[in-house]
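J.: Dropping the structure in here first, questions after.
None of the figures in this text is laboratory data; all of them are computed from the coordinates on show. Quick caveat, the model's predicted, so the values are computed rather than measured. Here the Cβ positions follow ideal geometry from the backbone for every residue, glycine too, while neighbour counts run over all protein chains shown.
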Amino acid sequence: MHKDIKEILFSKEVISKRVNELARMISLDYKNKNLFMVGVLKGCFMFISDLVKNVKLNLNIDFMMISSYDGKQSSGVVRILLDLKQSIEGKDVLIVEDIVDTGLTINYLVKNMKARKPASLEVCTLLNKPSCRKVRVKLKYVGFDIPNKFVVGYGLDYKEYYRNLPYIGVLKDEVI
Ligand code: IMP
């Protein structure tokens, strides 16, 4: 275990099992449809790459990059740093997020995407911190609900570090 990690919440094996379950659910729900997945960078990169390997659909994958946290605190101000390359009008769209915390980021993204007139729009997040919510958001697929702890690994960062850890863990207090 990395020296800055206090506790492992989800091991590589546990994550893999759950991601495969999510992939199966998505494959069933969108059966006979083309799905347009929108990954939210950078946090989603490991999750989406594992997820899509087990999604048995005609799949389009595009990415957005947004500015959200500066360190540990949500600013509530969301800026699009990289936008989709393709139109999503009339398409079945699934936003893939690493974590929903206050909900401000996903709330902004959903509003932004809806304005582009997709046929349908849903959200898939690996992690969810329900106790931190500031705005109501509808999450169709959730990997794990977690308590109000700052977690890193499997794509999630603290000040751009720890994204490469293969598990999801809680940072030691003295590191933050
Ligand atoms: P929200 O707008 O508060 O829902 O925050 C969503 C974004 O904040 C996520 O996409 C992450 O980039 C970041 N974030 C929230 N909680 C954590 C955490 O515990 N660890 C790492 N990043 C987090």
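J.: Could you line up Val142, Val152 from fewest to most neighbouring Cβ atoms inside 10 Å?
T.: So the ranking, lowest neighbour count to highest, is Val142, Val152.
J.: I want the local charge near Phe47. Using Cβ-Cβ distances under 9 Å, sum +1 for each Lys or Arg and -1 for each Asp or Glu among the other residues.
T.: -3
J.: Then there is this: Amide H of Phe10 versus every other amide H placed in the peptide plane: which residues, excluding those fewer than 5 positions away on the same chain, fall under 5 Å?
T.: Close amide H contacts, sequence-distant or interchain: Ile168.
J.: Need one number: % antiparallel among DSSP beta bridges in the chain, to the nearest 5.
T.: Rounded to the nearest five, the antiparallel share is 35 percent.
J.: Rounded, prolate or oblate: which fits the range 1-105, taking a ≥ b ≥ c as square roots of the Cα gyration tensor eigenvalues, rounded meaning a/c under 1.5, else prolate when a/b beats b/c?
T.: It is oblate, given that a/c is not under 1.5 and a/b is not larger than b/c.
J.: Moving on. Whole-Hz ³J(HN,Hα) for each residue in the range 103-108, computed from phi via Karplus 6.51 cos²θ - 1.76 cosθ + 1.60 with θ = phi - 60°, x for glycine and proline: what do you get?
T.: x, 4, 5, 5, 4, 5
J.: Continuing with this model, one more query. Report the calculated FRET efficiency for Arg18 and Ser67 (r = Cβ-Cβ distance, R0 = 22 Å), to the nearest 0.05.
T.: Details: r = 28 Å, r/R0 = 1.28.
Step by step, r from the Cβ atoms, then E = 0.20.
J.: Taking only Cα atoms and a 10 Å spring cutoff, compute GNM fluctuations for the chain and point out the largest among Leu51, Leu126, Leu81.
T.: The residue that fluctuates most here is Leu81.
J.: Turning to a different aspect of this structure: Check which residues have an amide H placed less than 5 Å from Leu121's amide H, if you skip close sequence neighbours.
T.: Val93
J.: Would you mind pulling out the separation of the Cα centroids of the range 1-40 and the range 75-129, in Å?
T.: The distance from the Cα centre of the range 1-40 to that of the range 75-129 comes to 17 Å.
J.: Another question, then. Could you give the length gained on full extension between Lys6 and Asn164, defined as 0.36 nm per residue of separation minus the Cα-Cα distance, in nm? Present the calculation step by step, with values, prior to reporting the outcome.
T.: On the way: separation 158, 0.36 × 158 = 56.88 nm, distance 1.65 nm.
Once the chain is fully extended between Lys6 and Asn164, it gains 55.2 nm.
J.: A follow-up question, please. Using only helices, what value at 222 nm comes out for the chain when you add -39,500 (n - 2.57) per DSSP H run of length 4 or more and divide by the total residues, to the nearest 500 deg cm²/dmol?
T.: About -7000 deg cm²/dmol.
J.: Starting from the 7 Å offset along Cα-to-Cβ, what nm value, one decimal, do you get for the label separation of Lys33 and Lys114?
T.: 1.7 nm
J.: Can I ask one more? Can you compute 3J(HN,Hα) from phi for each residue in the range 87-100, using the Karplus curve 6.51 cos²θ - 1.76 cosθ + 1.60 with θ = phi - 60°, rounded to whole Hz and x for Gly and Pro?
T.: Computed from phi, the couplings for the range 87-100 are 6, 10, 4, x, 9, 8, 10, 10, 7, 10, 10, 7, 8, 10 Hz.
J.: With θ set to phi - 60°, apply the Karplus curve 6.51 cos²θ - 1.76 cosθ + 1.60 along the range 158-174 and write out the HN-Hα couplings as whole Hz, x wherever there is a Gly or Pro.
T.: 10, 6, 6, 9, 6, 4, 7, 4, x, 10, 10, x, 9, 6, 5, 4, 5
J.: Still on this structure: Can you give the FRET efficiency to the nearest 0.05 for Ser49 and Glu174, using r as the Cβ-Cβ distance and R₀ = 30 Å?
T.: Efficiency computed from Cβ-Cβ geometry: 0.40.
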